[in-house]
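Novice: One structure follows; several queries about it will come next.
The values are calculated or read from the model by the stated rules, or taken from the named source; none is laboratory data. This is a predicted model, so every value here is computed, not measured. With ideal geometry, Cβ positions are generated from the backbone for all residues, glycine too; neighbour counts draw on all protein chains shown. Protein only, heavy atoms only, side chains kept; ligands, DNA and RNA dropped before computing areas. Shrake-Rupley method; radii C 1.70, N 1.55, O 1.52, S 1.80 Å.
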Amino acid sequence: MKTNEESIGHRIEAPSHGLVLLIDDDPTVAEALHLMLENEDDLRMHYCSDASTALDVAAKLRPTVILLDMVMPDISGLMLLRYLRVGEFSRSVPVIALSMKDDAKLKADVFNAGGNDYLIKLPEPVELLARIRYHSDCYIRLLQRNEAFKALDVSQRKLAESNIKLQQLASMDGLTGIPNRRTFQETIQTEWERVTDSGKPLSLIMMDIDCELYGVVQT
């Protein structure tokens, strides 16, 4: 398991396992979480002790869940949570707030700011792992669903483009590139129905490929 801050540059494009980002200025908390997660093959933990770099770390790492300390020296956890919620790559990542206080107002502020969960640190390993897996799995499924929708949209666009090309091939003469007889028949039928309803005249000019006028027919 990687827990040093140098590993943050490693990015998993399509995560098949949980990527946990801990943002906390207390290294003892990081060590305790490391011990809880070190034998969990489906979870990887990354540690950021500097809140001022946390947004950049989250953007590079693309975690599937963030554990965020509420009390840090440079910036409050609540303020950092608000920044995470407007970040391009972090706005939908689940955030679990960590606090030493069982404070109802702080809990309400966390959820109002976009937090997904709140834990008194440090919880029992079985509870922490369950919550991490729950939020991480939900986020991974969200990413997979978005990718599926994106792939479906691309397929539909390609199908629409192919249909347009087929329609053009079916309506154009391959040699001259002008509308063919089928298009003429469809057009004359449409125009005939139009003039029948409106009572207006219909004119048709017939010409050969040498531009010699054959005649003009008017109804």
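Novice: Rounding to the nearest 10 and keeping the result within 0 to 90°, find how far the Cα-based axis of helix 77-86 lies from the longest principal axis of the chain.
Specialist: In the chain, helix 77-86 runs at an angle near 10 degrees to the longest axis.
Novice: Going highest first, how would you order 72-78, 150-156 by mean Cβ packing within 10 Å? Each step should come with its number before you reach the end.
Specialist: Working: 72-78: 15.7, 150-156: 10.0.
Highest to lowest by the protection proxy: 72-78, 150-156.
Novice: What are the ³J(HN,Hα) values, in whole Hz, obtained from phi via the Karplus relation 6.51 cos²θ - 1.76 cosθ + 1.60 with θ = phi - 60°, for each residue of region 42-52 in sequence order, with x given for Gly and Pro?
Specialist: With the stated coefficients, region 42-52 comes to 8, 10, 10, 10, 10, 10, 10, 9, 10, 5, 5 Hz.
Novice: For residue 121, list the lysines whose Cα falls under 16 Å from its own Cα; do not include residues on the same chain fewer than 8 positions away.
Specialist: Filter leaves 101, 107.
Novice: With a cut-off of 8 Å between alpha carbons and a minimum separation of six or more residues, what is the relative contact order of the chain in percent?
Specialist: Relative contact order of the chain: 14 percent.
Novice: Let me ask something else about it. What number, in percent, do you get for the relative contact order of region 79-137 if the mean sequence gap of Cα pairs under 8 Å and at least 6 apart is divided by its residue count?
Specialist: Relative contact order here is 36 percent.
Novice: Per q in 0.19, 0.21, 0.24 Å⁻¹, report the Debye log10 I(q)/I(0) for region 37-82, using one uniform scatterer on each alpha carbon and no solvent.
Specialist: -0.64, -0.76, -0.92
Novice: Next question. Running a GNM on the chain with Cα contacts under 10 Å, which residue among 56, 69, 24 ends up with the highest mean-square fluctuation?
Specialist: Sorting by GNM fluctuation, first place goes to 56.
Novice: What lysines sit close enough to residue 165 to cross-link, taking a C-alpha to C-alpha distance under 27 Å and skipping anything fewer than 8 places away on the same chain?
Specialist: Within the straight-line cut-off, residue 165 pairs with 150.
Novice: How large a share of the accessible area of the chain, in percent, is made up of carbon and sulfur atoms when the probe is 1.4 Å and the other protein chains stay in place?
Specialist: The nonpolar share, carbon plus sulfur, comes to 55 percent.
Novice: When the dipole is taken about the Cα centre of the chain, and only Lys, Arg (+1) and Asp, Glu (-1) are charged at their Cβ, what size is it in debye, to the nearest 20?
Specialist: For this selection, approximately 580 debye.
Novice: When ligands, DNA and RNA are left out and all protein chains stay put, how many square angstrom of accessible area per residue does the chain have with a 1.4 Å probe?
Specialist: 64
Novice: When all protein chains stay in place, what accessible area (Å², nearest 10, 1.4 Å probe) is found for residue 197?
Specialist: Solvent-accessible area, nearest 10 Å²: 140 Å².
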